[in-house]
Amino acid sequence: MHIGIDLGGTKIELRALELAAGTGPHAPGRELWRQRVPTPRADAEAIVAAVAELVRRAEHEVGPAASVGIGIPGSPSPRTGLVRDANTTALNGRPLGQMLARALGRSVHLENDANCFALSEASDGAGADAAVVFGVILGTGVGGGLVVRGELWRGRNGIAGEWGHNPLPWPEPEDGPAPSCYCGKSGCIETYLSGPGLVRDYVAQAGREHAPSPGAPADAEAVATRARAGDAVAEACLVRYERRLARALLGVLHVLDPDVVVLGGGLSKLARLYERVPGLWQAQAFADGVTTPLRPAAHGDASGVRGAAWLGRAPVRGTVP
């Protein structure tokens with residue numbers, strides 16, 4: 001039994017998986033138990049205590065775990081082991097891996113949540129039939145992870161897959177002035193392709209076009225709903241989004257040429273992306289054809305926590321703190 005934990009900004013979710021024995025990386029994982037609790041996000045010690053209590057409950061219900069893996073919305077620095085770039089800011093600069101190991105009395109596997117997502121989908125999800133899998137998160141932020149022949153590829157500096165903080169390639173006039181990003185740069189892919197980025201695009205365009213639907217949409221799904229209802233401004237925003245996603249992913253294809261790209265996060269639920277984006281690749285690809293499949297995550301919102309459980313089984317290539 002392997003425990004996976006998704007340490008999010010609003011909830012901490014644990015799932016216990018029975019990972020089938022075998023030599024290959026693609027053995028399916030059977031869920032044995034799950035539970036979630038709110039994240040005490042302002043207090044790192046309280047977060048550690050909540051995680052430790054969840055692990056104790058799981059082992060009381062199911063039995064001892066062979067490993068504990070934890071996905072976080074940031075990453076441990078390979079130089080210091082301290083958490084960096086977490087939007088649960090109480091974790092930044094803290095030795096979370098060491099804190100959890102002390103609380104649990106054992107070592108833990110700590111990893112970026114997008115890497116966990118990619119590992120899940122490469123292990124027994126939408127990329128289980130592929131040698132090279134690039135997993136993409138399209139949500140409040142934009143991130144990614146890379147798995148090569150069953151190995152999670154972190155890279156020398158622990159930043160493999162961080163395509164969301166590359167600039168959007170091949171700028172077009174409709175992209176407008178490059179939006180500022182929280183990372184301190186401007187024009188990052190995340191500023192265009194995140195959920196908030198899509199909403200911001202709608203609000204800006206609606207102000208120019210006098211959209212028929214009053215008020216700002218609450219989230220990206222609301223923009224999609226307006227498009228389905230015939231809102232021309234919302235439809236134009238989604239068309240721009242598809243073009244931008246195609247350009248951004250084509251940059252990944254030109255560098256990695258993965259066997260499959262798997263989408264997760266809230267925006268991955270837009271079925272039209274899988275119909276339109278691969279066709280848009282063709283026009284700008286430095287190739288005589290691009291056959292790379294674009295697929296939705298097989299495990300949906302559960303993929304990150306399942307990938308955390310797989311950390312105990314999968315080898316990691318790169319510098320590990």
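The values are calculated or read from the model by the stated rules, or taken from the named source; none is laboratory data. All values derive from a computational prediction rather than experimental measurement. Quick reminder, even Gly has a Cβ in these numbers, built from the backbone with ideal geometry, and neighbours come from all protein chains shown.
Results, tabulated for the structure shown:
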read-out	value
Matching residues, the stretch 58-100, being surrounded by 16 or more Cβ atoms within 10 Å (Cβ to Cβ), of a type in the set (Gly, Ala, Ser) and under 22 Å from ALA16 (Cβ atoms)	ALA58, ALA65, SER67, GLY69, GLY71, GLY97
The one condition in (1) in contact (Cβ under 8 Å) with a residue 60 or more places away in the chain; (2) outside the structural domain of ALA314 (by TED's automatic domain parsing); (3) out of contact with any helix residue (DSSP H, G or I) (no Cβ under 6 Å at 6 or more places or on another chain) that VAL203 fails to fulfil	(1)
Residues satisfying the stated conditions in the stretch 175-191, i.e. at pLDDT 90 or above and out of contact with any strand residue (DSSP E or B) (no Cβ under 7 Å at 6 or more places or on another chain)	ASP175, PRO177, LYS185, THR191
Any helices (runs of 4 or more DSSP H) falling wholly within the stretch 36-144 and containing at least 3 residues that are in contact with a Gly (Cβ under 7 Å, 6 or more places away or on another chain)	113-124
Lone unmet requirement of (1) over 14 Å from ASP259 (Cβ atoms); (2) small (Gly, Ala, Ser); (3) in contact (Cβ under 8 Å) with a residue 60 or more places away in the chain; (4) not assigned by TED's automatic domain parsing to the domain that holds ALA308 for SER120	(4)
Failed item in (1) part of a loop (DSSP other than H, G, I, E, B); (2) within 27 Å of TRP33 (Cα to Cα); (3) out of contact with any helix residue (DSSP H, G or I) (no Cβ under 8 Å at 6 or more places or on another chain), with ALA298 passing the rest	(3)
Qualifying positions in the stretch 167-208 - assigned to a helix (DSSP H, G or I) and exposed (fewer than 12 other Cβ atoms within 10 Å of the Cβ)	PRO173, GLY207, ARG208
All positions within the stretch 118-153 that are within 13 Å of VAL316 (Cβ to Cβ) and surrounded by fewer than 23 Cβ atoms within 10 Å (Cβ to Cβ)	VAL148, ARG149, GLY150, GLU151, TRP153
Only one of ALA287, ALA314 that is assigned to a loop (DSSP other than H, G, I, E, B), outside the structural domain of LEU152 (by TED's automatic domain parsing) and either modelled with pLDDT under 95 or more than 30 Å from ARG36 (Cα to Cα) (or both)	ALA314
Boolean, GLY279 is within 20 Å of PRO296 (Cα to Cα), modelled with pLDDT under 95 and crowded, with 18+ Cβ neighbours inside 10 Å	no
